[in-house]
Structures are given as C-alpha cells and as structure tokens.
Amino acid sequence: MLFENIELNNFKNLEFYQKPFYLRMEAEKIGGIALYYKYESENATFVIPVIKRLIEKDYYDLISPYGYSGFLSNNDSPEFIMEGIHHFDNYCKANNIITSFIRLHPFNNYIFLENKRIAQVLHGRVIFFSLNQNYDELYSFYSSNHKRGIKKLQKRGFNIKQGDVSDIREFITIYNHTMERLDAKEFYFFEEDYYVALMKNEKCKLLFVESPDQKLCAAAFFVISSEIIQYHLGGTLTEFLQDAPIKLLFDFIINSHSNSNMKFNLGGGLGGSEDNLYKFKEGFSNEKIKFSTLRIVHNQDVYNNLTSNFDKEDRKNISEFFPLYRKK
C-alpha cells in the first residue's frame, strides 16, 4: 500500500534521497504527493519512495524523486525483491496507477529484469571513489592533469569557501549559468525555496571556490549519508571553465573524508554518456558502477489509449522516453 508516513529507522544505511523531507521537497517541486509504497512478508519489508502525479481524470503515475532513491529492503534476496516488485505492480494496477518510473540506487539495488511491461534500462556508469585510504594514497589515483590543475589553482590563490543560507543567490547564479550553457531542460532548474530547504538540512554541504580576486566562480551542493557522499548539484562560471576550479571542491571532499568507510559518488556524464564531463570525473577515480531505472506499465490498455497519438514503435519501446504520454 501507499503511505504518507512510514517508519524507516529499521533500514540500515538510509540514503539522503530516500528521506521524507527530501521526498516532500521534490513532490512540491513537480506538483505531486510524496508517498512510500510498503510491502511486508513475515519479517521482511520492501519500500519504494515515490511521488504520485495526476495524469488525467482518475489516472495517476508514480516517479522517483531526483537522485538515487531506488527501493529499500531489509531482505536482499532476489526472490523477495521480485516478490516486492510483483506486489507493487499488482497494487498499482488495482488503484488506477498507470505507470511507474523508478530511479534505482547504483550501490544498493541489484536487480536485472525485463518483460513487456517492466524494463530495467541501463544509463551508463557513474564514477565513485572508495575513501578507505589516507589522502596521499587517494591522491595518487588522480590523473596527472588533475594533479597539475589542483596545484596550479592553489598556487594562484583559489580557495574553498563554506557556504550558508546567505550565499544561496550566489549559488543560483552559478548553477543557472551552467545549466543555461548546457541547454538543460526545465527539470534541472529550481526555485530559491528549494535551495533554502536543502541548506536547513544538516546532511547538506554547500561549498564554493573563490578566485584570487574574491569572486565566487564554482559551487556545489554535496549530500552526505552514513556511507555515501553524493555530488548533488554544481556548476562553474563560463569565464573560469578553462581553470576547472570545481576540481578543488572534489579534492576537498576526498581529503576531508579520507580514511573512512564512505564512498564519494561523483555521478556520470550528461544523459549517461561518456562525454567530457564523464572524462573529467574519471580523472579522480577509475571505480565505476552501472546506473539504471525501472519502468513499469501497470495498465497496458490505458497506457495505449494515453499514447494513441504516438507511433506504434515508440509506444512499444519503454526504454526510451517514459512515460511517453508526458512527452511534450
């Protein structure tokens, strides 16, 4: 069943993206309702954080919040996970929920499945760094280009500045500037209240790079859970792109969390591609893991009606844009 509030304390290593406050933030942003699907069998529990959206009339769909929320389970057996997904599918079909789009967690959600109505779609790889060594050992994994770049930035007087709520507008300027340069979709732009809410959470860290003439030239939000640090949002002013000052932010996070049991997830390239952004991140670590999403058509007849204006081949291929009826 779907619940607005459930007890999550019995799940070890709860991820930032799975917490109620973040789910509510994302739901408000896209005009949906923050919910948790919960299935129990004996002592095992299966949970999916989702946002419920109205399609039309009495039809709805579900989507994960931005980030890596995936699903939670205190029983990792493939049989129980599949049982949980099967019951989720049946529940949705019985309650006018037409489709679900679930962003799986690259470290914790190990499933590989596909049938006509359910597809697990791979989106390339994300780069991460296991921080269980001292900083000097971690630094040795950096590419020679990154090592030179970091030393050059430090020598020229670029430095790290810890941000607070008063710096939100500076971050928005840098971030929006970056998204506009990349011609990013509207989905990647946020209102000021969103950032303020992030700053109120103790697990969020806002960092800037300050240039030698005291100009804030790069910035990033990092979110920290018990075992994972996520590079959440970030950007660089165009005039400083050649300097790549965001290297200092990644290096700072790696240094300050060295000798720990944590992983630093740098993310991947745009759209899962191994582009220049991916190669830049690869300059810090050669550790990679696959990222995937789960797409489910719970009611094929209604989905076919909602997508009747699209080509038959597009309707059949749920590995591309999904759900198709939301394509503008």
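The values are calculated or read from the model by the stated rules, or taken from the named source; none is laboratory data. All of these numbers come straight from a predicted model, not from anything done at the bench. As a convention, Cβ positions derive from the backbone with ideal geometry for all residues, glycine included, and neighbour counts pool all protein chains shown.
The table for this structure:
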read-out: Those residues of segment 74-87 which are in contact with a Phe, Trp or Tyr (Cβ under 6 Å, 6 or more places away or on another chain) and buried (at least 18 other Cβ atoms within 10 Å of the Cβ), in sequence order; value: 84
read-out: Members of segment 222-242 that are over 15 Å from the mean Cα position of the chain (by Cα) and in contact (Cβ under 8 Å) with a residue 60 or more places away in the chain; value: 226, 227, 235, 236, 237, 238
read-out: Members of segment 162-197 that are modelled with pLDDT of 95 or more, over 17 Å from residue 210 (Cβ atoms) and outside any helix (DSSP H, G or I); value: none
read-out: Filter result (surrounded by fewer than 22 Cβ atoms within 10 Å (Cβ to Cβ), among the aromatic types (Phe, Trp, Tyr) and over 16 Å from residue 32 (Cα atoms)) within segment 47-73; value: none
read-out: Test: residue in segment 217-237 that is of a type outside the set (Gly, Ala, Ser) and exposed (fewer than 14 other Cβ atoms within 10 Å of the Cβ); value: no
read-out: Those residues of segment 279-301 which are under 26 Å from residue 70 (Cβ atoms) and part of a helix (DSSP H, G or I), in sequence order; value: 280, 281, 282, 300
read-out: Segment 182-218: number of residues that are touching a strand residue (DSSP E or B) at 6+ places or on another chain (Cβ under 7 Å) and hydroxyl-bearing (Ser, Thr, Tyr); value: 1
read-out: Enumeration of residues in segment 148-161 that are under 22 Å from residue 208 (Cβ atoms) and among the charged types (D, E, K, R); value: 151, 152, 155, 156, 161
read-out: Among the candidates 137, 202, residue that is in a loop (DSSP other than H, G, I, E, B), farther than 24 Å from residue 270 by Cβ, of a type in the set (Asp, Glu) and over 18 Å from the mean Cα position of the chain (by Cα); value: 202
read-out: Any hit, segment 141-155, residues being loosely packed, with under 11 Cβ neighbours inside 10 Å, assigned by TED's automatic domain parsing to the domain that holds residue 276 and assigned to a loop (DSSP other than H, G, I, E, B); value: no
read-out: Test result for residue 34, touching a helix residue (DSSP H, G or I) at 6+ places or on another chain (Cβ under 6 Å), of a type outside the set (Phe, Trp, Tyr), more than 30 Å from residue 231 (Cβ to Cβ) and surrounded by fewer than 22 Cβ atoms within 10 Å (Cβ to Cβ); value: no
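A quick yes/no check of all residues on (1) in a strand (DSSP E or B); (2) surrounded by 14 or more Cβ atoms within 10 Å (Cβ to Cβ):
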| site | (1), (2) |
| --- | --- |
| 239 | no, no |
| 250 | no, yes |
| 259 | no, no |
| 264 | yes, yes |
| 303 | no, yes |
| 308 | no, no |
| 313 | no, no |
| 319 | no, no |
